[in-house]
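Below you'll find the structure, written out as structure tokens, and then a few comments.
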Amino acid sequence: MIDFETLDARGKNAGFTHTGPLDCHTIRLLPEVREMCAADKCHQYNKNWTCPPGCGSLEECEGKVRRYQKGLIVQTVGELEDNMDGEGMMETEARHKEAFLRLMEDLKKDYPDLLAIGAGCCTRCKTCTYPDAPCRFPDKKVSSMEAYGMLVSQICKDNSLPYYYGDCTIAYTSCFLLE
Ligand code: SF4
């Protein structure tokens, strides 16, 4: 039985601004999201083991996700000076990634088989070994929700967590599949 109050406290302690329970049955993996990856707007398609196609087919991702019933959504919401505040966005993203790695290590003590799904591609190494050599840290690499084919706004909505926190804010969302 997951105690979400305790998980919320652990999430806030790691540095997240918001957390919420994730019902894994609400997770839908959509080919349309993978098609957005293939459009390569973020320039990571086919360049990193944690992004498509290196992270595996949608069917393989589905196989991993369907082993879980309950999880935790985590968010970092940052205030921006204006809607073009790129520095504020990058600073919030960096805080989110740091909090994510911190909480992942903490949660692994209780949930050694957890599946951590982050925001953005894996940036653990300066240069990813993809596709010439195996991943240097296969147990630590983390794919994004989008790489799994998740539409983050749908998952937030179906789990009663806001996706948008208003003008001049930016929200980064990740999740941990626990049980
Ligand atoms: S850990 Fe390094 S090699 Fe593995 S996916 Fe991340 S950046 Fe690439």
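The values are calculated or read from the model by the stated rules, or taken from the named source; none is laboratory data. Remember, predicted model here, so these are calculated numbers, not experimental data. Cβ atoms come from the backbone with ideal geometry, glycine included; neighbour counts cover every protein chain shown. Side chains included, ligands, DNA and RNA excluded: accessible areas come from the protein's heavy atoms. Shrake-Rupley method; radii C 1.70, N 1.55, O 1.52, S 1.80 Å.
If I ask for residues that are in a loop (DSSP other than H, G, I, E, B) and either farther than 23 Å from LYS140 by Cβ or in contact with a helix residue (DSSP H, G or I) (Cβ under 6 Å, 6 or more places away or on another chain) (or both), which ones from the range 20-42 would you list?
ILE27, ARG28, LEU30, ALA39, ASP40, LYS41
Yes/no per residue for (1) exposed (fewer than 14 other Cβ atoms within 10 Å of the Cβ); (2) within 16 Å of the ligand (Cβ to nearest atom):
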position	(1), (2)
LEU80	no, no
GLY86	yes, no
ALA99	no, no
LYS109	yes, no
ALA116	no, yes
ALA119	no, yes
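Taking the stated definitions as given, is ARG66 within 16 Å of the chain's Cα centre (by Cα), at pLDDT 95 or above and open to solvent by 60 Å² or more (accessible area, probe 1.4 Å)? Explain how you work it out, then say what you get.
Values: within 16 Å of the chain's Cα centre (by Cα): no; at pLDDT 95 or above: yes; open to solvent by 60 Å² or more (accessible area, probe 1.4 Å): yes.
No; evaluated as a whole, the condition is false for this residue.
Do any residues in the range 124-135 that are without any contact (Cβ under 8 Å) to a residue 24 or more places away in the chain have Cβ atoms under 6 Å from those of residues that are near the ligand (Cβ under 6 Å from one of its atoms), where the two are at least six apart or on different chains, and which pairs are they?
So the pair list comes out as ARG124/PHE137; CYS125/ARG136.
TYR148 passes all but one of (1) surrounded by fewer than 21 Cβ atoms within 10 Å (Cβ to Cβ); (2) within 16 Å of the chain's Cα centre (by Cα); (3) among the aromatic types (Phe, Trp, Tyr); which number fails?
(1)
With the checklist (1) at pLDDT below 95; (2) touching a Leu at 6+ places or on another chain (Cβ under 8 Å) in hand, flag the one item LEU151 doesn't pass.
Only one criterion is unmet by LEU151, namely (1).
Within the range 124-134, identify whether any single residue is out of contact with any helix residue (DSSP H, G or I) (no Cβ under 6 Å at 6 or more places or on another chain), crowded, with 21+ Cβ neighbours inside 10 Å and at positive phi, and answer yes or no.
no
Could you list, in sequence order, the residues of the range 29-47 that are touching a residue at least 40 places away in the same chain (Cβ under 8 Å), within 16 Å of the ligand (Cβ to nearest atom) and crowded, with 17+ Cβ neighbours inside 10 Å?
If the condition is that a residue be touching a residue at least 40 places away in the same chain (Cβ under 8 Å), within 16 Å of the ligand (Cβ to nearest atom) and crowded, with 17+ Cβ neighbours inside 10 Å, then CYS37, GLN44 are the ones that fit.
Answer yes or no as to whether ASP139 is more than 13 Å from the ligand (Cβ to nearest atom) and not hydroxyl-bearing (Ser, Thr, Tyr).
No, not satisfied.
Just wondering, is there one or more residues in the range 48-63 that are within 16 Å of the ligand (Cβ to nearest atom), of a type in the set (D, E, K, R) and in contact (Cβ under 8 Å) with a residue 12 or more places away in the chain?
No - not one qualifying residue is present in the range 48-63.
Does the range 139-161 hold any residues that are touching a residue at least 12 places away in the same chain (Cβ under 8 Å) and either of a type in the set (Phe, Trp, Tyr) or over 21 Å from ARG66 (Cβ atoms) (or both), and which are they?
LYS140, TYR148, SER160, LEU161
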